Amino acid sequence: MTDRPRRSFWALMTTQFFAAFNDNVFQAVAALLIVRWRGEAASRELVALSGLLFALPFLLFSLSAGRLADRWSKARVVVWTKAVDLFVVVLLVTGLFQSSVGFLLGGLFLLATQSAFFGPAKYGLLPELRGPAQLTQANALLNATTFVAILGGNIAGALLTDRLGLVALLTGAGAVISLGAALFIEKVPPANPAQVLRWNPLPDIVENTRLVRRDRSLFLSLLALSWFWFLGGVLHLNAFTYVKQVMDLGDGVSGLFLTAVVIGIALGSLAAGKLSKEKVELGLVPLGAIGMGVFTLGLFFAHGSLTRVLVDAGFLGFASGLFVIPLTTLVQARSPEKERGRVLSTLNFFSFVAILLASAFLWGAARWLKTDPAQIFLLLGVLSSVTAVVVAFFIPQAPLRLLLVLLTNLVYRMRVIGRENVPVRGAALLLPNHVSYADPFLIGGATSRWVRFMMFRGMYEIPWIRPFVKLMDVIPVSAKDGPKQILASLQEARRRLEEGHVACVFAEGAVTRLAQTLGFRKGFERIVEGLDVPLVPVHLDRVWGSVFSFERGTFLWKLPRQLPYPVTISFGAPLPATAKADEVRRAVLDLGAAAFEHRLDGLRPLHQHFYRQARRQWFAPCLSDTTGLRLSYGKLATGALLLSRRLAKILPPEKNVGVLLPPGGAAAVVNLALLFAGRVPVNLNYSLGRGVVDQICRDAGITALLTARKMLEAVKWGDDARAVFLEDLPRAPKPKALAAFLAFRLLPARWVERAVAPASDASVDDLAALLFTSGSTGTPKGVMLTHRNVHANIQGLQETFQLTGRDTLLGVLPFFHSFGFTGTLWLPLLAGCRVAYHRSPLEPVAIKKMIKEERVSVLIATPTFLQMWFKKLEKDDVKHLRFALTGAEKLQQTFAREFQDALGVPVIEGYGTTELSPVACVSVLSVRHATEYQVGHKPGKVGRPLPGVSVRVVHPETGAPLPDGQAGLLLIKGPNVMKGYWNQPDKTAEVVRDGWYVTGDIAAVDEDGFVEITDRLSRFSKIGGEMVPHMLVERRLAELSGEPEAQFLVLSLPDEKKGEKLAVLYFNLRQPLDQLLTRLAASDMPKLWAPDRRMFVPVDEWPTLASGKVDMVKAKAVARRALENP
């Protein structure tokens, strides 16, 4: 909300408060003074007359006031009524000083008249000033303020009867403030300038009632609110005789009684606004109706105890607040905009009719039923209980909405985004992802509309579920249904839309067992075909992991991780009914990427998050490496904190600090310690050579390198003045280390951080690492990754793979490699599992031993390294291994099949880049559960987007989105997208556009949501005007060779005639090259794509980087040299 509507709202609140306060001051003072002036006997008729005169204008003028509020700006109507109010106050004050009953009665009539005109304008302004999302809370505040003003006015009137000067001063100031505040209300345009003004209420009673009855919900709400005012009227009039006759107490107790009711209403109103959570929550109505019945009945039994009477009165008021706020908001929200004033004036009219009927009810009950005041409460309580039953009968969904209120406030803590995208009235089709069995309740609880869901028939037929879902108007459907039955279900859903209802279809067709968004089926397209119905994409975030999801391999049978469980429900901008399934799925994934940001906002930086994770499993094993080092979570945290204290004293002031260490315990401790010391670790790629690393250090401002002497000897750099050797840092004596170990666990975490690592505080948007790209296609660039980036990747990976303390990861990828940094450093530390490190991926014998001895269950590697290790591995070595996850380069499917056939371990593929922290897409193991089989990986595909990641395939030149199955440029969006390139804003702007990272890869997305990388945009050659994809040529050569171990690398070299030409490096090809080329010539591959015989260059192996990626720069140099010197 902008400042002007906010200011206007509070101006309206101020206007209403002083108006209600003045009304009640004058009513109280007038009643008491008339009794004093005319005597008790003569004044009874005059007091009754004053009450009638105050009610009469609402009956005579309310309906005209509604038309006036529609015809003119409601803000101006408010100003006019408050100007009249100031004149009326002068008249009433004159009557007080003149002791004139006539002046007082006339003034009360005029006061009520201006209130009658003020009411429709006041309540009609709220939707225009606050909007749908804030309307319930606005009504709650207005109602609470009004009842506080009523209470204050009555108390002030009773106390100031003998001090008329003070009454004049107080009410005069109130009238001036009320008028002044009204002038600050923003002038809204007239809703219906053509509205005809009528002053005869009789025709309007019929016409307005017909108007309201067109909307059943509106009409029922009007009746329910009229009942509230009837109950209030009886309660107000009966309270005095109840206290005097039944309780035998004085008038002061009557005041206490009504005060308890008023305070209860104010608190109940505020509670209703809070529980409604930016929507109209009709589930509170039956709760309020039940409470009104119970506590009214309680007053019949409570008259022997003043305390119990006041408690019952307070809770009666509280229940009334819960009852009235949702109904009032519903009337405002569902009223036609051009007729809102008329609808609200009709509510005013019937409310005062109900108040008059309350008087008639009391008179009739006393005259014919001979009831005493306590029995009146008994009768009223019975009628209130009947009202609760009537509410359940006429609005059967209301009790179910009450269950939704309880579910969404006690079991779940919901954040709802975009609720305004669900239309207040009219049809809409919601299309969410499907994460758990609680999804319908979460979606239903997130919107005010009653949603008709399509449901799996197998669940629908369960005996104890069926009565509830039938009441919810659920439409059953199943893939096992016959064609006619499926068609009938789709037509039933279509009928609901044609009737103007909101329907919901879970287009994935099943609850995900994979923690990924599955492909969207096309059944909903048939439902809306030819209809003008908006399609609203919906995303449920963080629901995976709740009791009702399949997380941990089961539904229901697990303890909740926390209560209430936080979830985010996002409603996206409506799509046209012509939108296809792939468009809707993309919109849902976009919502997921935005929602993921919210779950990261409350997280601590990585190192502090790790420290709290460590405190939960202080003595559990954390890491080991082949040097013999073994650390528990507690020892790692203690070592990192103590080292950070030491580093803070000896390091130069520069923020970035170089780390030159192999993967292992020492590197893990150093990375943690630097973050605790308020520095940014820069893990340096020692395979690039001294010259490139020196250039990186200059670019990053690095003047200190944390390393070890053995490391410098291994890379053969010689002396380095920047080196800070870990061996030279003094270690804490054992007694001191033990004391720190215990203190860091037992003392509060914040105390420890402030005392030991005062520089450790950081925002999640601060840098957590500076990683330089591998340089596989050129000069390395510094990628700035924030704590948010890395957190996003880890949360997505953990949500997908569900690692536990029983898992052990193999860590051999260096930490300068983004896959190693996120996947083997931070993922195990924050997921609470173990990690086993080895210093180099090029030592398969040592790695084989580690996999077996450490019982590795998850292996993360590049395909190149995995192929190297495969030659040494045996089935007994990997008996604890659940899967191997590869990335950084293309996984050859022939090798993946061979690995699984030989070792029984599936090899799955992921995709990402350093700029994506690094994972964007990932495959998972397929799941068979009951009758459901869900595919988690497909040959040649890199998986589905990680939770929180959105993908888009666009035309490389125009940027237009492409449909499923069509290859184009791959874009990635999500909180994992880097902050940017270090000191290269121009380069950053080239690759990050409107939050989308331009990967440079050519990809396609299939109908199940799997991404296939077909090539890199840079790995194309333009030959004779046609783009030739290198990866497709490589794949075709591998297929035609028929040899799983044969490897091909297609490169582009300049050509004087055609601009470019293809060169092919190959190795492990056992058959003669000519035999392969013969099959190539006979294949269906375009001739332009076929490399010339002279362009094939045999090599012993690819030139690779330390990350395992092919060094494309060196590969091209090898090809040039071979072709220049055949």
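Computed from the coordinates by the stated procedures, all read-outs in this text should not be read as laboratory data. What you see is a predicted model; the values in this text were computed from it and never measured. Every residue, glycine as well, gets a Cβ built from its backbone with ideal geometry; the counts of neighbours run over all protein chains shown.
What are the extents of the Cα atoms of the stretch 621-727 along their three principal axes, in Å, largest first?
Cα spread of the stretch 621-727 along its principal axes, largest to smallest: 39, 30, 18 Å.
Could you tally the net charge around A768, taking each other residue with its Cβ under 15 Å from the Cβ of A768, Lys/Arg +1 and Asp/Glu -1?
+1
In the stretch 268-298, whose amide N lies under 17 Å from the spot 7 Å out along Cα-to-Cβ of R308? List them in ranges.
294-298, by backbone N distance to the label point.
What's the percent breakdown of Cα-Cα distances in the chain across 20 Å bins, shortest bin first?
Going from the shortest bin to the longest, the percentages are 11, 32, 28, 20, 9, 1, 0.
Return, for the Cα atoms of the stretch 606-945, the radius of gyration and Dmax in Å, separated by a comma.
Using the Cα atoms of the stretch 606-945, the pair Rg, Dmax is 19.8, 65 Å.
What span do the alpha-carbon atoms of the stretch 204-393 cover on each of the three principal axes, reported in whole Å from largest to smallest?
Sorted largest first, the three principal extents are 53, 38, 30 Å.
When N is the residue count of the stretch 360-449, what does its C-alpha Rg come to as a fraction of 2.2 N^0.38 Å?
1.71
With the dipole of the chain worked out from charges on the C-beta (+1 for Lys and Arg, -1 for Asp and Glu) around the Cα centre, which of W618, H434, L661 lies farthest toward the positive end?
Sorting the options by dipole projection puts first W618.
For the pair V176 and D761, how long in nm is the line joining their label points, each one 7 Å along Cα→Cβ?
Label-label distance for V176 and D761, simple model: 4.8 nm.
When a/c reaches 1.5 or more, the comparison of a/b and b/c decides; with that in mind, is the stretch 1-182 rounded, prolate or oblate per its Cα gyration tensor?
Prolate, since a/c reaches 1.5 and a/b exceeds b/c.
From zero up to wherever the largest Cα-Cα distance of the stretch 1024-1126 sits, split into 5 Å bins and tell me the percent of pairs in each.
2, 12, 24, 25, 21, 12, 4, 0
When DSSP assigns beta bridges and you keep just the ones with both residues in the chain, what percent turn out antiparallel, to the nearest 5?
Taking every DSSP beta bridge within the chain, about 55 percent pair in antiparallel fashion.
Could you state the angle between the C-alpha long axis of helix 251-276 and the longest principal axis of the C-alpha atoms of the chain, as a value from 0 to 90 degrees rounded to the nearest 10?
30 degrees
Roughly what would the spin-label model give for K480 and R754, points 7 Å off Cα along C-beta, in nm?
Calculated label separation equals 6.1 nm.
Which angle from 0 to 90°, rounded to the nearest 10, does the C-alpha axis of helix 1030-1041 make with the longest principal axis of the chain?
60 degrees
Rounded, prolate or oblate, given the Cα gyration tensor of the stretch 421-521, with a/c below 1.5 counting as rounded?
Taking the square roots of the gyration eigenvalues as a ≥ b ≥ c, the stretch 421-521 is rounded.
Measuring from a point 7 Å past the Cα of L197 along Cα-to-C-beta, which residues in the stretch 68-83 have an amide N at less than 11 Å?
Counting only backbone N, you get 68-69, 71-72.
Taking just the alpha-carbon atoms of the stretch 857-993, what radius of gyration and Dmax come out, in angstrom?
17.6, 54
At 7 Å along Cα-to-Cβ for each site, give me the label-to-label distance between R1120 and F184 in nm.
7.4 nm
Take the Cβ-Cβ distance between D876 and E898 as r, set R0 to 25 Å, and report the resulting FRET efficiency rounded to the nearest 0.05.
Efficiency, from the Cβ-Cβ distance: 0.90.
Treating the stretch 530-624 as a set of equal point scatterers at the Cα positions, no solvent, please give the Debye-formula log₁₀ I(q)/I(0) at q = 0.14, 0.17 Å⁻¹.
Taking Cα atoms of the stretch 530-624 as identical point scatterers yields -0.76, -0.96.
Taking the Cβ of R690 as the centre, find all other residues whose Cβ is under 10 Å away and add up their charges (Lys, Arg: +1; Asp, Glu: -1).
-1
How far is helix 340-368 tilted off the main Cα axis of the chain, in degrees rounded to 10, range 0 to 90?
With both axes taken from Cα atoms, the answer is about 50 degrees.
Would you work out the relative contact order for the chain, in percent, from Cα pairs under 8 angstrom that are 6 or more residues apart?
7 percent
Going by a ≥ b ≥ c, the root eigenvalues of the Cα gyration tensor, does the stretch 399-601 fall in the rounded group (a/c under 1.5), the prolate group (a/b larger than b/c) or the oblate group?
The shape class here is rounded.
Per residue of the chain, what 222 nm ellipticity follows from adding -39500 (n - 2.57) for every DSSP H run with n ≥ 4, rounded to the nearest 500?
Rounded to the nearest 500, it is -17000 deg cm²/dmol.
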